[in-house]
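A.B. asks: Structure incoming, see below.
The values are calculated or read from the model by the stated rules, or taken from the named source; none is laboratory data. Bear in mind the structure is a predicted one, so any value in this text is a computation, not a measurement. When we count neighbours, we look across all protein chains shown, and the Cβ atoms used for this are built from the backbone with ideal geometry, even at glycine. Each accessible area value is taken on the protein alone, full model and side chains, heavy atoms only, with ligands, DNA and RNA left out. Shrake-Rupley method; radii C 1.70, N 1.55, O 1.52, S 1.80 Å.
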Amino acid sequence: MNFFEYLKNLLKQDERFFSIDGQFLRNVAIEAAMKYDAKLLKILLNDSKNAEKFFVEVDGIKIFKAQEFSWMVNNREFLPGSYTRFKNKIGLVDERGEFLSTADSVELAFPYKDCVLEGGQTKDDQKRSEIFYNEILAAEDIDRLFEPKVLTCAKKFSADGVQSAEKFSDTDNLIMKGNNLLALACLLKRFQNKIKCIYIDPPYNPQSNANTFAYNNSFNRSTWLVFMKNRLEMAKKLLAKTGVLIVAIDKNEQPRLQILIEEIFPEYDIDCITVIHNPRGTIGSKFSYTHEFAIFVTPKNVDVICERTLNENEIDWSPLRNWGGESLRTDAKNCFYPIIVKNEKIVGFGEVSADNFHPTAQTVKVDDEYYIYPIDSKGVERKWRYARQSVESILDLLRVKKNKFGYDIEIGKNFGAYKTVWTDSKFDASVNGTQLLKNILPDTVFSYPKSLYTVMECLNAVVKNDKNALILDFFGGSGTTGQAVMEINKNDGGNRRFILVEQMDYIETETLQRNIIVMKKIAPNSSIVYCELKKLNQNFVEEIQAAKTFETIWAIYKRMVESGYISYKIFPADIDAAVDDFKELTLENQQRFLMELLDKNLLYVNYCDIDDEDFNISAADKKFSRSFYGD
């Protein structure tokens, strides 16, 4: 018996270290050792072998070598004094020398991780230094935050024009305006576990003045991670069982984001694709950057990524005619038949030739058509690689090639696995992003949108074989994802639908208008429903942001107090008493203060309050909201 087995038998004196079915609970034993558990120490001290191995005597006092005991329990073969300690393991260890891979608690840690950041973004793609309501909400401050919201301003757009929308149909595309975290909570009620692909292009958080995620605190990176964590956790609930998440990101946060995703999606595979989106390069501090990333999050042990359609120059062509062993006509009689060519294109397939029929040549002209047989250059009758009954299924893999005898037929597989580096010029964001968008919306506010073909390629990798897939983008931006879905449908006659969420005011002039224009041009039989989360405290948010004087700020404050929709932590009397001090604050700090007074659970009207007369919900909004939520 080796020493490890000897130790296990000894520890059977303590039932805590073994499961009901007799399995040794290593972690329990290690935890007891690290706590210097009295019962464990007595068991070890009362055995001479273990007392000698795991205790050292100093001035008559025995000191327990807890770390060596833990190594023995965890590694069974070797102790730390030996060069074989790391014989079978390579990896990171913590301060105790424990391998991180053996610890269940390893995770990406950052300030405010367990809190919620709603995010009050009001401008995008513009330099700015402030976003006002960016408080981190602790769990105890959240009560009705994630309840579905009342939907308002519902309109349906089609090739025939626009009309008010009374209901939402499973054939409609959807564009929704509102805070995207709260919009995701609304979508859950109707679409939980139904989304085939989620594609998002979130704020990149660069260390520069161009940062569109300029939250005003000293924990910018942590704030960004909280922001992403909240939304990714909600998005996971929307994914179908075979659903895939795709996140576009650049170098600034890719390492931390990928670790965060691995933590939130432990039952998924994570693959990081490099996309050359700017071949001219963007000057960094030391290098010129030409690429960004697309992180694919796919369920483990499920084949969900489709084959990629190859470019013409990537296809490896070879003769359809067999060669070598077992390639003769007599080896497979149903593989000898003519392939009919006209104008250098395959137009049909003849029937299997009778045994006593022998063509006079490899290429036989019949009127204005050519009959091509599997006969080699020496006149030997061979066979096609596909039988007559199956050859039509691979018609799209065949091509006609002219030769000195007339024509030959070649086969080339036009599909293959996606590579991890995408270099095609179609991914150029300047040509197929900025210029393409300006052709649709000449006055667009977006300076560097994604290439349409980058988004199409990402989506095609997931939904190419699912013509009824539902695709979600909750960072809707300029609306590229919506156009990408319609373009894919145009190419293969699919009925895929999109859901876009955006909280910026440009949603109507950019996101929606772009997709209406594209819909009328290439998808005239489809429709787009637009709606908004009905504002409550969000109205105060917008008033505060627009305020320019103390008098305006104070008037807003008075109305806020009268509404009652302020934080339970606020005592208005104390603020009234300090009005002179408040007046001395800068306008920016006055605005910030009022933002912090608002109850962030009530930025929008909750659906459960739809019949509350205080909120004055119109009959049309009630009808549409109930249709959307299925009530």
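A.B. asks: Can you give me the relative contact order of the stretch 257-415 as a percent, contacts being Cα pairs under 8 Å and 6 or more apart?
C.D. replies: Dividing the mean separation by the residue count of the stretch 257-415 yields 22 percent.
A.B. asks: For S377, S288, S567, give me the order by solvent-accessible area with a 1.4 Å probe, most accessible first, ignoring ligands, DNA and RNA.
C.D. replies: My answer, sorted largest first, is S377, S288, S567.
A.B. asks: Loop-only check: which trypsin sites (Lys or Arg not before Pro) in the stretch 256-297 are DSSP coil with at most 16 other Cβ within 10 angstrom?
C.D. replies: On the way: sites: R256, R280, K286; in loops: R280, K286.
The qualifying sites are R280, K286.
A.B. asks: While we're here: Taking the alpha-carbon centroid of each part, what is the distance from the stretch 22-72 to the stretch 574-602 in angstrom?
C.D. replies: Taking the Cα centre of the stretch 574-602 as reference, the centre of the stretch 22-72 is 60 Å away.
A.B. asks: Any idea of the accessible area per residue across the stretch 409-563, 1.4 Å probe, to the nearest Å²?
C.D. replies: Value for the stretch 409-563: 39 Å² per residue.
A.B. asks: Moving to a separate point now. Counting alpha carbon pairs within less than 8 Å and at least 6 residues apart, what relative contact order, in whole percent, applies to the stretch 554-631?
C.D. replies: Once normalised by length, the contact order is 29 percent.
A.B. asks: May I pose another question? Are any of the pairs K189/K229; K196/K237; K167/K229 more than 23 Å apart by Cα-Cα distance, and if so, which?
C.D. replies: Too far apart for the 23 Å limit: K167/K229.
A.B. asks: Of Y36, Y557, which has the most accessible area and how do the rest follow, probe 1.4 Å?
C.D. replies: Per-residue accessible area, sorted high to low, gives Y36, Y557.
A.B. asks: Okay, moving on. Let me test this: with uniform point scatterers at the alpha carbons of the stretch 414-528, what is the Debye-based log₁₀ I(q)/I(0) at q = 0.16, 0.24 1/Å?
C.D. replies: Evaluating at q = 0.16, 0.24 Å⁻¹ gives log10 I(q)/I(0) of -0.74, -1.52.
A.B. asks: When only C-alpha pairs under 8 Å and at least 6 residues apart count, what is the relative contact order of the chain, in percent?
C.D. replies: Contact order relative to length: 18 percent.
A.B. asks: While we're here: Just one of [x] 109, 46, 42; [y] 104, 57, 46; [z] 105, 83, 54 is Cα extents along the principal axes in Å calculated from these coordinates, so which is it?
C.D. replies: Identified label for the calculated read-out: [z].
A.B. asks: Can you give the direction-averaged projected area of the convex hull of the alpha-carbon atoms in the stretch 257-367, in nm²?
C.D. replies: 14.7 nm²
A.B. asks: Taking K241 as the anchor, which aspartates and glutamates have their alpha carbon closer than 16 Å to its alpha carbon, excluding any fewer than eight residues away along the same chain?
C.D. replies: Within the straight-line cut-off, K241 pairs with E233, E267, D269, D303, D466.
A.B. asks: Once both labels are modelled 7 Å past Cα along the beta-carbon direction, what's the K520-R559 spacing in nm?
C.D. replies: Placing both labels 7 Å beyond Cα along the Cβ direction yields 3.6 nm.
A.B. asks: If you don't mind, there's one more thing I want to ask. Given the pairs K365/K490; K113/K548; K401/K450; K342/K383, which are separated by over 30 angstrom at their Cα positions?
C.D. replies: As for pairs spanning more than 30 Å Cα to Cα, those are K365/K490; K113/K548; K401/K450.
A.B. asks: Now, a different point. Percent of accessible area on the stretch 465-585 owned by carbon and sulfur, 1.4 Å probe? Intermediate values should be presented prior to the final figure.
C.D. replies: Working: 2620 of 5310 Å².
The nonpolar share, carbon plus sulfur, comes to 49 percent.
A.B. asks: Which net charge results when you count Lys and Arg as +1 and Asp and Glu as -1 among the other residues whose beta-carbon is under 12 Å from that of I610?
C.D. replies: Here the count lands on -3.
A.B. asks: List the chymotrypsin sites (Phe, Trp or Tyr not before Pro) within the stretch 259-309 that DSSP assigns to loop and that have no more than 16 neighbouring Cβ atoms inside 10 Å.
C.D. replies: Sparse-neighbourhood loop chymotrypsin sites (Phe, Trp or Tyr not before Pro): F287.
A.B. asks: How big is the accessible area of V28 in square angstrom, nearest 10, if you roll a 1.4 angstrom probe over the protein chains?
C.D. replies: The accessible area comes out at roughly 60 Å².
A.B. asks: Note down the net charge around P374, summing +1 for each Lys or Arg and -1 for each Asp or Glu among other residues with Cβ under 11 Å from its Cβ.
C.D. replies: Cβ neighbours under 11 Å give a net charge of +2.
A.B. asks: List the residues, sorted by chain then number, that are 5 or more residues from L245 or on another chain and whose placed amide H is less than 5 Å from its amide H.
C.D. replies: Residues meeting the criterion, in which the H sits 1.01 Å from N, are I198, V297.
A.B. asks: With a 1.4 Å probe and every protein chain kept in, tell me what percent of the accessible surface of the stretch 384-454 is carbon plus sulfur. Please list the in-between numbers first.
C.D. replies: Details: 2000 of 3840 Å².
Result for the stretch 384-454: 52 percent of the exposed heavy-atom area is carbon or sulfur.
A.B. asks: Now for a different question. Would you work out which of N205, Y36, C272 lies farthest towards the positive end of the dipole of the chain? Charges go on Cβ: Lys and Arg +1, Asp and Glu -1.
C.D. replies: The listed residue farthest towards the positive side: C272.
A.B. asks: To continue, here is another question. Take every DSSP beta bridge with both residues inside the chain and express the antiparallel ones as a percent of the total, to the nearest 5.
C.D. replies: Counting DSSP beta bridges with both partners in the chain, the antiparallel share is about 75 percent.
A.B. asks: If you keep only loop residues by DSSP, which GluC sites (Glu not before Pro) in the stretch 264-365 have at most 12 other Cβ atoms within 10 Å of their Cβ?
C.D. replies: Passing both the DSSP loop test and the Cβ count: E267, E326, E344, E351.
A.B. asks: Would you mind pulling out the separation of the Cα centroids of the stretch 448-522 and the stretch 528-543, in Å?
C.D. replies: The stretch 448-522 and the stretch 528-543 have Cα centres spaced 23 Å from each other.
A.B. asks: How large is the helix-only mean residue ellipticity at 222 nm for the chain, computed as the sum of -39500 (n - 2.57) over DSSP H runs with n ≥ 4, divided by its residue count, in deg cm²/dmol to the nearest 500?
C.D. replies: -8500 deg cm²/dmol
A.B. asks: Can you give me the solvent accessible area of T171 with a 1.4 Å probe, rounded to the nearest 10 Å²?
C.D. replies: 100 Å²
A.B. asks: Sort F615, F415, F474 by heavy-atom solvent-accessible area, probe 1.4 angstrom, most to least.
C.D. replies: F415, F615, F474
A.B. asks: Using a 1.4 angstrom probe and counting only protein chains, how large is the accessible area of R592 in Å², to 10?
C.D. replies: Number for this one is 50 Å².
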